[in-house]
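Please read the structure below before turning to the comments.
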Amino acid sequence: RQLCAAQRDRNRADKSVLACRTCRNQRLFKLTVGFRIPRPLGNGPSRFIPEKEILQVSKVDPRTQSIFEDAFAALGRLDNISLVMGFHPQYLESFLRTQHYLLQMDGPLSLHYRHYIGIMAAARHQCSYLVNLHVNDFLQVGGDSKWLNGLDGAPQKLQALGELNKILAHRPWLTKAHIEHLLKAEEHSWSLAELIHAVVLLTHYHSLASFTFGCGITPEIHSDGGHTFRPPSLSQYCVCDIANGNGHGHLEERRGNHQVSEVSGEVEVLMERMKQLQECRDEEEASQEEMATRFEREKTESMLVATAEDEECVPSRDVSRHFEDPSYGYKDFSRRGEHVPTFRVQDYSWEDHGYSLVNRLYPDVGQLLDEKFQMAYNLTYNTMAMHKDVDTTMLRRAIWNYIHCMFGIRYDDYDYGEINQLLDRSFKVYIKTMVCSPEKTTKRMYESFWRQFQHSEKVHVNLLLMEARMQAELLYALRAITRYMT
């Protein structure tokens with residue numbers, strides 16, 4: 001009887017620590033030393049993408065591993081955004097090089113101003129992940145902690161930038177008057193070089209907030225919101241299994257297989273449409289009048305695409321203190337009869353105008369941004385889901401131009417009738433939400449488009465959305481600065 005009782009006690013003890021040596025060691029360390037051991041709240045770098053898929057990338061690709069090592073050596077950390085971007089090492093390299101230049105290298109703005117502007121931009125979309133990241137960086141470079149109590153505690157010069165931050169993030173077509181106000185102010189005015197630097201930072205972090213929400217990026221374990229000290233409540237799995245996302249792997253696999261069987265043929269239908277559109281292009285080209293009509297029709301239809309059914313997001317105090325007017329958001333062009341003139345790329349483009357302006361006032365940054373735009377736009381592996389040797393140029397261009405269309409930007413040589421053929425409604429909802437109201441992006445929305453495609457392909461889509469949005473914001477701001485200079 002005593003032997004049986006002892007065995008039961010041992011079994012009970014094994015269950016209490018969930019039969020994992022690592023967990024038992026942590027429990028013993030806590031009992032011995034008295035420290036609480038944090039555990040991650042999330043299952044890896046993303047809420048949308050299985051951790052094992054993300055970590056597998058660096059194991060099989062030496063280039064990605066090398067980029068990760070260089071990033072860690074430079075920053076002392078490897079954030080979850082970089083881990084997810086690691087699906088596309090060519091782009092990641094360009095992104096990290098640009099971001100490092102904007103934040104660390106010589107430029108018109110001081111280091112603490114740069115990080116504070118990053119906080120302002122990320123907060124505009126309630127992106128606590130990026131806000132917390134730059135709060136730490138701001139303090140490390142000697143920033144005044146009083147500024148973090150709220151925008152009204154920052155210098156007047158930065159407070160004045162708050163209005164442009166708001167306009168650029170939500171209605172960039174209204175930037176002209178705000179640009180002029182910042183440059184003409186009698187007190188606390190901005191120089192042209194400083195304003196270019198600030199505009200690039202604002203647009204960079206607005207668009208990066210879109211990517212962060214669009215990929216479901218989770219905070220790192222050492223960050224606010226990235227850990228808990230509470231023991232796991234799920235039975236039959238150890239803490240390590242839960243933390244590594246292994247707890248319900250079999251359920252996810254079954255769900256994934258069920259979804260694939262439901263949407264079988266989705267990719268083939270899309271490929272067939274691309275083929276038919278190419279044949280129509282070769283046979284007959286639409287007139288300029290017809291092209292203009294199709295653009296206006298697509299722009300109008302894009303207004304009818306709802307962003308998300310969720311209730312209005314209420315920003316937390318920690319985030320909202322860094323910006324004003326939280327109710328201000330994206331509004332479609334023609335709501336209540338409002339008319340906004342179409343922005344014709346033929347009159348002002350990044351390649352012919354914006355690039356040279358940035359490079360003149362903030363040397364080398366124009367080149368870095370151009371490389372990043374080109375990398376995202378031209379990146380291809382000539383695959384679509386399980387199909388190889390596929391030319392995806394038409395699809396990538398449709399995604400890029402649809403985003404610009406939502407902001408009123410028109411390419412005279414593009415047939416906007418192709419967009420409805422290539423982008424279905426669920427995909428348009430995802431695009432509009434991620435670009436215009438990224439804080440409303442949900443896992444269900446991420447999973448509802450392109451259900452047969454790989455996660456790496458969806459990350460590529462998010463890179464396109466991020467860069468197209470950044471360029472759209474930049475075009476409006478740079479055109480306003482050009483007009484002020486002339």
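The values are calculated or read from the model by the stated rules, or taken from the named source; none is laboratory data. Since this is a predicted model, take the numbers as computed values, not measurements. No Cβ is skipped: glycine too gets one built from the backbone with ideal geometry, and neighbour counts run over all protein chains shown. To get the accessible areas, we keep the full protein, side chains included, count just its heavy atoms, and leave off ligands, DNA and RNA. Shrake-Rupley method; radii C 1.70, N 1.55, O 1.52, S 1.80 Å.
In terms of the Cα gyration tensor, with a ≥ b ≥ c the square roots of its eigenvalues, is region 418-464 rounded because a/c is under 1.5, prolate because a/b exceeds b/c, or oblate?
rounded
May I ask you to order 114-126, 353-365 by the average number of other C-beta atoms within 10 Å around their residues, highest value first?
Taking the mean over residues of other Cβ atoms within 10 Å, the ranking is 114-126, 353-365.
Taking amide H atoms as placed 1.01 Å from N in the peptide plane, list the residues 5 or more away in sequence, or in a different chain, whose amide H sits under 5 Å from that of Arg344.
Arg410
Expressed as a whole number of Å, what is the distance separating the alpha-carbon centroids of region 337-376 and region 88-141?
When both Cα centres are located, 21 Å separates them.
I'd like the per residue volume of the convex hull spanned by the Cα atoms of region 53-93, given in cubic angstrom.
57
Taking amide H positions as placed 1.01 Å from N in the peptide plane, with prolines and chain starts having none, which residues 5 or more places from Thr383, or on another chain, fall under 5 Å of its amide H?
Val390
How many nm separate the modelled label positions at Val60 and Asp413, each set 7 Å beyond the Cα in the direction of the Cβ?
If labels sit at Val60 and Asp413, their model points lie 3.7 nm apart.
In Å², what does the accessible area per residue of region 33-160 work out to with a 1.4 Å probe?
Normalised by residue count, the accessible surface of region 33-160 is 44 Å².
Residues in region 393-416 near a label at Glu296, defined as backbone nitrogen under 18 Å from the 7 Å Cα→Cβ point?
Correct set: 405-416.
Long-range amide H contacts for Asn43: which residues qualify at under 5 Å (H placed 1.01 Å from N, peptide plane, sequence gap of 5 or more or a different chain)?
Sorted by chain and number, the residues that satisfy this come to none at all.
Which translational diffusion coefficient, to the nearest whole µm²/s, is obtained for region 327-486 from the Stokes-Einstein equation, given a Kirkwood hydrodynamic radius over C-alpha pairs, 25 °C and 0.890 mPa s?
The estimated diffusion coefficient comes to 143 µm²/s.
Distance cut-off 30 Å, Cα to Cα: go down the list Lys157/Lys428; Lys157/Lys443; Lys275/Lys440; Lys275/Lys299 and report the pairs above it.
Flagged as over cut-off: Lys157/Lys428; Lys157/Lys443; Lys275/Lys440.
Between Arg360 and Asp70, what is the label-to-label distance in nm when each label sits 7 Å out along the Cα-to-Cβ direction?
If labels sit at Arg360 and Asp70, their model points lie 3.2 nm apart.
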